[in-house]
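Contents: one structure, followed by commentary.
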2 protein chains.
Amino acid sequence: MANILDTGVKLVKNVGRYNIGAGSLAELRGLLDGRRALAKAQGQGGAVVFLVDEFFARQRDVAARLGVTDDDVLQFVHTAHEPKTEGIDALVASLLDRGLSQPAAVVGMGGGITMDTAKAVSNLLGNGGQAADYQGWDLLKHPGVFKVGIPTVSGTGAEATRTCVMTNEATGLKLGMNSDYTVFDHVIMDPQLTATVPRNQYFYTGMDAYIHCIESLAGSYRNAIGDAYSRETINLCRQVFGQGDMMAPENRERLMVASYLGGCAIATSYVGLVHPLSAGLSVVLGLHHCVANCIVMRAMGDFYPQAYDEFWGMVDAQGVEIPKGVCAGLDAAGFEALYKASIVHAKPLTNALGEDFKARLTPEKVADLFRLM
Amino acid sequence: MANILDTGVKLVKNVGRYNIGAGSLAELRGLLDGRRALAKAQGQGGAVVFLVDEFFARQRDVAARLGVTDDDVLQFVHTAHEPKTEGIDALVASLLDRGLSQPAAVVGMGGGITMDTAKAVSNLLGNGGQAADYQGWDLLKHPGVFKVGIPTVSGTGAEATRTCVMTNEATGLKLGMNSDYTVFDHVIMDPQLTATVPRNQYFYTGMDAYIHCIESLAGSYRNAIGDAYSRETINLCRQVFGQGDMMAPENRERLMVASYLGGCAIATSYVGLVHPLSAGLSVVLGLHHCVANCIVMRAMGDFYPQAYDEFWGMVDAQGVEIPKGVCAGLDAAGFEALYKASIVHAKPLTNALGEDFKARLTPEKVADLFRLM
C-alpha cells in the first residue's frame, strides 16, 4: 500500500436525513415549513433559496410544486458549463444584495452541477469570503445554511459526498470545498424526477457511479466499508444497465440508490485511472465529467479488462452513443496538456498503478491512450 | 402488498458521523474533548457518562483508554438480562442525583444491550419523564444528550437504528423508543474491540444481521434501498461465516460493516417469520434475542429453505453450537403463551406470509414449530 494514500482510521459524515420513494418530492414543502418557522423564531426572514436545473424552467408548475413563496428566490442554474468559483461568488453576491444572508434553507435540485452549486452557496453564506478561499480540505470553519439536495439525474453521488467541485478559471484549479460542512442536511430521492433525462445523459451520469466503484475495487487501497458500498453500487448498475429498459421506473429507483451508495463509497475510497484521464479531457477539451469518463473507457481494455467488457456490453444493451475521436484534432501541445492535466492526480494513479505510475504512464503512452478515445 | 405495511415515502435519519478502522477507539478522546469544551462554553460541567459492557470491567486500563476523568461517570452495564424500563429509570435517577442532568455526552460501549441503554438514557435526559412514557413511535419531543455508540460485538445493528428495545415488566410490553432522536450522533467502529467475544456469542449476534436481511428480501414489502443494504449485508456475512475463521481480523471488520449496514436496512424494511417466533422465545423463556433467532432457524426449513441450508452450513463451517430442545419441558399453557407472544407481531408476519397469516400459523402449527427448536 502506497504511503501517499491514507491508511488510517476514517471519519465519515453522513447525510443527515433522506427521503426515498416515488413522489417523495412532495415532502419538501413540509420540511421547508419547519425550517421557515425555525428561522422566523430566530428573528430571520424565513425565505428559501431554490437553485434548480434550468431544464425545469420549462415546467410551468415548478414553483408551485416546490412551494416557492414571494419572499423566496428561485434561480435556475445553467448546466452548459460545470461550476466556476466566479459564478458561485456572483450568485452569493446577488443573494446578499437581496438581503438573504441567512435564508432558512438552500435547496439544490438538479444534477451534480446544480447540487454542487447549492452546497457551495450554502457554505459561503455560512462562512463569508469567496469560493476560491475554500478550495481544498477542511478549510470551512462554520456550518453552512441548512441545505437540501434533490437529485434529478443519478450517478455523480453529489447528493452524498463532502465536496462540491468548482473550477477557478484564474488559477486553473479544479477542486472542491472538501469538508464535513459540505454534506447535505437532507436529501430527497424521488425517482419520478429522472423520467425526463435524455437517454445518453442518463447513461453517462449513471456510469459515474459504476466507474468510480470499479476503480476503487481494483485499487490497492481498500477497506471493508468502501468495498461494501462499491460492490452494491456495481450490483445495482448491473441490474439497471444489463438488460431491459434502464429507464423503467424500478430501474430509475435502483439507479438513484446506486448513486447515493456510490457517493457513500467515495468517502472511504479512491478512484483509479479513469478519473485522472477524464479530468484531462475536462480541463483541456471542456468535456463534462460523466461523458468524459465514458470516453476514457475506450482506452481501458488493458487496465480494467473485465469492466471494459461489461461497460461496452451495457452500452450495446442500452443502445446509447459514446462520443469518439475527441482527440483527433489535437497537436503535440494538446497532448502535452492532456498529459499534464492527468498525471497531476497522484493519489488515484498510485491507487491504480502503484507509486511508480509515471514509469507506466509515459507521455507517449498517455498520448496513445487519448488517441484511442 | 398488504395494507398494514407502510408503502409510501420513507424518511430515514442517518447516524451523524462514524469512524471505522482498527484502532479507531483512540479517536474517542478527541471527540469527547470537543463536546466537553462545547458544554463548558454553554455553562455546563463538561462531564461524560460512560455506559460500558461489564465485560470491560476486567480490563484495568479501560478508564484510561476511554479518557474517563474524575468528573465523569463510568458505569458498567450488566448484560445478563436485556434492558428493562425500570433499570433505565434507575440509571437516569442516579445520574440526576449526581447533578448530571446535562452531561456533555453519553457513551455506550458494548453490544445491543449496552448501546440501547445509552440511547434510552440520552433520550430521557433530554426529555424528562420515565422510559415507559416513550415506548412507541415518535413520542420523544426533544433531542437527547449527544450520544456515541461503540459496538463491541457485531450484528444487532443497534449502532445504526432509531430504536432502543426495552421491556416494561409491569405491562409486559417489549418495545423501543422509535424516534429519529434515538439515532446515535457518532459511532466508532473499531474491529479490535470484537477480538475477545466468545465464539458462540460472536456467531449468534452476527446472525442477527444475516437473519434480518434474509427475512426482508423474502418478504412482500420491498424497496430499492432496503434491498441494497440487505443484499450487501448478506454478502458480507457469507464472506465472514462461509469459510475460514469468522474471527480473523479482516472478518471482524467485515462483520462490523455488515452490522452497520444491516442496521441501515432495518430503517426501510420489515423482518419476517423468524423475529416474531424469536420474540416468543424471549418473552416466554427469557432467551436473549440473538441466540433465540438462531434457535428459531431450526424450524425454518419450510419457510426459508435456501437460507436454512446456508445457515446450518455456516454453523457447521464455524463449529458453533446452537441450543436445542429449549421447549421440551413446556406444557400446553407454555405453548399457548409462545403462540400469543409470537402471533401479535402482525406486520412482520404479514410481510412474510400475507394478510391471512393466522390461517397458516394456527396454534397447533406454531406449537409444532416450537417443538422443532
TODO: With N denoting the number of residues in the range B:201-371, provide Rg(C-alpha) divided by 2.2 N^0.38 Å, to two decimal places.
DONE: 1.01
Task: Binned Cα-Cα distances of the protein assembly as shown, short to long, each 10 Å bin given as a whole percent - done: 3, 14, 23, 25, 20, 11, 4, 1, 0
- [ ] Would you kindly state how much longer the chain becomes between B:ARG98 and B:GLU86 on full extension, computed as 0.36 nm times their sequence separation minus their alpha carbon distance, in nm to one decimal?
- [x] 2.5 nm
TODO: Work out the FRET efficiency for A:LEU173 and A:ALA57 from their Cβ-Cβ distance, taking R0 = 35 Å, and round it to the nearest 0.05.
DONE: 0.70
Task: Ascending list, in nanometres, of distances separating the A:ARG360 label from those of the other copies (7 Å, Cα toward Cβ) - done: 5.2
Open item on the list: Straight-line reach only, C-alpha to C-alpha below 16 angstrom: list the lysines that B:LYS84 could link to, leaving out same-chain residues fewer than 8 apart.
Closed with: B:LYS119, B:LYS174
Open item on the list: Residues of the range B:11-49 with the amide nitrogen closer than 13 Å to a label point 7 Å from the Cα of A:ASP138, along Cα-to-Cβ, please.
Closed with: B:27, B:30-31
Open item on the list: If I take the Cα coordinates of the range A:1-128 and project them onto the principal axes, what are the three extents in Å, biggest first?
Closed with: 55, 34, 30
- [ ] Return, ordered by residue number, the residues of the range A:133-161 whose backbone nitrogen is under 17 Å from a label point located 7 Å along Cα→Cβ of A:GLN192.
- [x] A:150-153
- [ ] Taking only Cα atoms and a 10 Å spring cutoff, compute GNM fluctuations for chain B and point out the largest among B:ALA104, B:ALA170, B:ALA258.
- [x] B:ALA170
Task: Stokes-Einstein translational diffusion, chain B - Kirkwood Rh over all Cα pairs, 0.890 mPa s, 25 °C, in µm²/s - done: 117
Task: 21 Å Cα-Cα reach of A:LYS40 towards lysines, excluding residues that sit fewer than 8 places from it in its own chain - done: A:LYS147, B:LYS141
TODO: Excluding residues on the same chain fewer than 8 positions from B:LYS365, give the lysines whose Cα lies under 20 Å from its Cα.
DONE: B:LYS324, B:LYS340, B:LYS347
Open item on the list: Please list 3J(HN,Hα) in residue order for the range B:287-297, calculated via the Karplus relation 6.51 cos²θ - 1.76 cosθ + 1.60 where θ = phi - 60°; whole Hz, with x for glycine and proline.
Closed with: 6, 5, 4, 6, 5, 4, 4, 5, 5, 4, 4
- [ ] Would you kindly state how much longer the chain becomes between B:ALA248 and B:GLU321 on full extension, computed as 0.36 nm times their sequence separation minus their alpha carbon distance, in nm to one decimal?
- [x] 24.4 nm
TODO: Kindly state, to the nearest 0.05, the FRET efficiency for A:LYS340 paired with B:ALA26, given R0 = 51 Å and r defined as their beta-carbon distance.
DONE: 0.80
Open item on the list: Restricting to DSSP loop positions (anything but H, G, I, E, B) with no more than 14 other Cβ atoms inside 10 Å of their own Cβ, which trypsin sites (Lys or Arg not before Pro) remain in the range A:39-75?
Closed with: A:ARG60
Open item on the list: Could you check the spin-label model distance between A:ASP6 and A:ALA359? Points 7 Å from the Cα along Cα→Cβ, value in nm.
Closed with: 2.9
- [ ] Mind listing the label-point distances from A:THR196 to the same position on all other copies, shortest first, one decimal in nm, points 7 Å along Cα→Cβ?
- [x] 6.1
Task: Cut-off under 5 Å, modelled amide H: who pairs with A:ASP6 long-range - done: none
- [ ] Sort shortest first the distances from B:LEU38 to its counterpart in every other copy, using label points 7 Å along the Cα-to-beta-carbon line, and give them in nm.
- [x] 1.4
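Computed from the coordinates by the stated procedures, all read-outs in this text should not be read as laboratory data. A quick note: this is a predicted structure, and the numbers were derived from the prediction, not measured. Cβ: placed from backbone, ideal geometry, glycine included. Neighbour counts: every protein chain shown.
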